[in-house]
Structure formats: C-alpha cells, structure tokens
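Undergrad: Have a look at this one before I ask anything.
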Amino acid sequence: MCGRYTSTTAASVLAEVFTVDEIKTDELPVRFNVAPSQPVYAIAARRSRHEGEIAPRQLGTFRWGLVPSWAGDPSVGNRMINARAETVATKRAYRAALARRRCIIPADAFYEWQVVEAGGHRTKVPHAIRRRDGRPLAFAGLWEVWHPPDGQQPVLRSCVIITSPANGLLAPVHDRMPVELPPAAWDGWLDPANDDVAALQRLLVPAPSEDFVMWPVTTLVNRADNEGPELLEPR
C-alpha cells in the first residue's frame, strides 16, 4: 500500500514536468509526511468539447481518499486511499473512474514499513523510496466528485492511488507499491476519451527496481503530525 509520501516540488515545476496547460490550485505547503484526508496535487485532463481536440491538462487539488459519487458521507474516503490494480476495474467504487476519471498524483518520495522481529518483539521500520534520477514520481490515480445529498456541504473532489505488487527492490519491505507511470504512458492514461479498460489495466504494473533507491528512515514519520526534511534522513 501507500499510506504516506512527500510533496516538495512547486506547482509551477510540476506543471512543466507533466506538461500542464492550466494550474487550477493555490500552492500547497511543502510536506514531508503527506497523510490520507489531506489536500494533494493531481494532474487530470478535462474532456474536450470537440471531437479530435486535445484534452487540456490541469493541475488541481484533491482530497486524498476517494469518495464515490454515491457515498452518503465523505468519511468513506478515509478507507479508500489505495485501489488494487488487480481489482480496480471491477470494484464498484473505482470502475467508473477507471473508465473516465484518471489522474496522475505527483510525489517526490514515498514511505513503506518493514515488519522486523527481534527478541520476541515485532517492530515496523519505515523506509523512504524515490526515483534514482530525482524526477517526481507519477502515481497512477483516479478521481471523483462528490455532491452532498443535503446540499449543505461543499462539493468534494477526491482521489485514490492505485497500487500493484511490489517490485524486487521493495518486496523485502512490503508486498505492495504505488503504480508509477513512465512518461510514455502519461498521454494514454490521462486521455479522458480513452475508454480501453483492458489497455489501461496493462499499464498498472510494478515499475522496474532499477528506477528507485530506498533507505531506512526515522520512526518520526510514523506520526502524521511530524513534519520536516529530517524525516527523509537515513537512519
């Protein structure tokens, strides 16, 4: 799974990396411990009005934890921070979004926890993972718009990170990892006119181990209210 990550790249830089046409958000604070239910950046393409027209990409802010349009309460999003690649096309909460509302969730690093047994005790050792080349990560994601049934709450835009089985580097630490899309897949993934679900699912595979570096970090990251660059320092 992916339960925490870092977001330290400015929106203007992300717009360049992901060839964004319009930034539709205020700048979010630099964060080294992004947690579920917080606002996060995501890149999505708006469906074009005219056939054959290129869909413009927008960088916006979404709440992490997908709230399906049919949900009675936004709290259900607290349990929907990750969607499994193997079942995303069949689960009621995700299948419509996979066909029509896909996004890329940028990150600079993410954390996973390794269960270690020593002296009869089990502890979880956090690790940080980032791209070897330093480029922002491009997590495959889905997004939704939720309208409150009573009309008394604001409209909520939310997102979920898709995960796959871990690659060889991460497998000793955790059995799941976020799907990290290569640049060659960005156009097809973001195109709202692309409804070839089978082809989209073929993109949801573990990224090569050689693309990443990983190291153990401080347990300060275990608490969502802890922040700062020291969370990424090698343990």
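The values are calculated or read from the model by the stated rules, or taken from the named source; none is laboratory data. Computed from a prediction, not measured in an experiment: that's the story for all the values here. Reconstructed Cβ throughout: ideal geometry from the backbone, glycine too, with neighbour counts over all protein chains shown.
Undergrad: Looking at T9, T19, which is the one that is exposed (fewer than 15 other Cβ atoms within 10 Å of the Cβ) and part of a loop (DSSP other than H, G, I, E, B)?
TA: T19
Undergrad: Please go through segment 186-204 and give me each residue that is out of contact with any Lys or Arg (no Cβ under 8 Å at 6 or more places or on another chain) and either assigned to a loop (DSSP other than H, G, I, E, B) or among the small types (G, A, S) (or both), ordered by number.
TA: Result: G188, D191, N194, D196, A198, A199, R202, L203, L204.
Undergrad: I'm checking my understanding of the structure. Among residues of segment 205-235 that are assigned to a strand (DSSP E or B) and in contact (Cβ under 8 Å) with a residue 60 or more places away in the chain, which one is nearest to P182 (Cα to Cα)? Break it down stepwise before answering.
TA: Applying the first criterion (assigned to a strand (DSSP E or B)) to segment 205-235 yields 212-217, 234.
Now narrow it down to the ones that are in contact (Cβ under 8 Å) with a residue 60 or more places away in the chain: 212-217.
Values: F212: 13, V213: 16, M214: 19, W215: 22, P216: 25, V217: 26 Å.
Only one residue fits best here, namely F212.
Undergrad: Those residues that are touching a helix residue (DSSP H, G or I) at 6+ places or on another chain (Cβ under 6 Å) and under 24 Å from R31 (Cα atoms), I need them from segment 67-101; list them, please.
TA: V67
Undergrad: Between residues in segment 1-27 that are hydroxyl-bearing (S, T, Y) and residues that are assigned to a loop (DSSP other than H, G, I, E, B) and crowded, with 16+ Cβ neighbours inside 10 Å, which pairs lie under 6 Å by C-beta distance while being six or more apart or on different chains?
TA: T6/D108; T8/D108; T9/D108; T9/P136
Undergrad: Right, here's the next one. Look at R92 and say whether it is surrounded by fewer than 16 Cβ atoms within 10 Å (Cβ to Cβ), charged (D, E, K, R) and touching a residue at least 24 places away in the same chain (Cβ under 8 Å).
TA: Spelling it out, R92 is indeed surrounded by fewer than 16 Cβ atoms within 10 Å (Cβ to Cβ), charged (D, E, K, R) and touching a residue at least 24 places away in the same chain (Cβ under 8 Å).
Undergrad: Continuing with the same structure: Can you find a residue in segment 145-164 that is in contact with a Lys or Arg (Cβ under 9 Å, 6 or more places away or on another chain), part of a loop (DSSP other than H, G, I, E, B), of a type in the set (A, V, I, L, M) and within 30 Å of V213 (Cβ to Cβ)?
TA: The initial filter retains those residues of segment 145-164 that are in contact with a Lys or Arg (Cβ under 9 Å, 6 or more places away or on another chain), namely 145-146, 156-159, 162-164.
Applying the additional criterion that residues be part of a loop (DSSP other than H, G, I, E, B) yields none.
Checking segment 145-164: not a single residue is in contact with a Lys or Arg (Cβ under 9 Å, 6 or more places away or on another chain), part of a loop (DSSP other than H, G, I, E, B), of a type in the set (A, V, I, L, M) and within 30 Å of V213 (Cβ to Cβ).
Undergrad: What residue, of V205, V221, is of a type outside the set (D, E), over 16 Å from H127 (Cβ atoms), at pLDDT 95 or above and under 20 Å from the mean Cα position of the chain (by Cα)?
TA: None of the other options fit; the residue is V205.
Undergrad: Please identify the pairs in which a residue from segment 177-204 that is under 14 Å from A97 (Cβ atoms) and without any contact (Cβ under 8 Å) to a residue 12 or more places away in the chain has its Cβ atom under 8 Å from the Cβ atom of a residue that is surrounded by fewer than 18 Cβ atoms within 10 Å (Cβ to Cβ) and of a type outside the set (K, R), counting only partners at least 6 apart or on another chain.
TA: Final answer for the pair search is N194/G188.
Undergrad: Would you please name the residue that is surrounded by the fewest Cβ atoms within 10 Å (Cβ to Cβ), looking only at residues in segment 22-33 that are in a strand (DSSP E or B) and either of a type in the set (F, W, Y) or in contact with a helix residue (DSSP H, G or I) (Cβ under 7 Å, 6 or more places away or on another chain) (or both)?
TA: Here the residue is I23.
Undergrad: Could you check how many residues of segment 146-155 are surrounded by fewer than 14 Cβ atoms within 10 Å (Cβ to Cβ) and either hydrophobic (A, V, I, L, M, F, W, C) or at pLDDT 95 or above (or both)?
TA: Total satisfying the criteria: 1.
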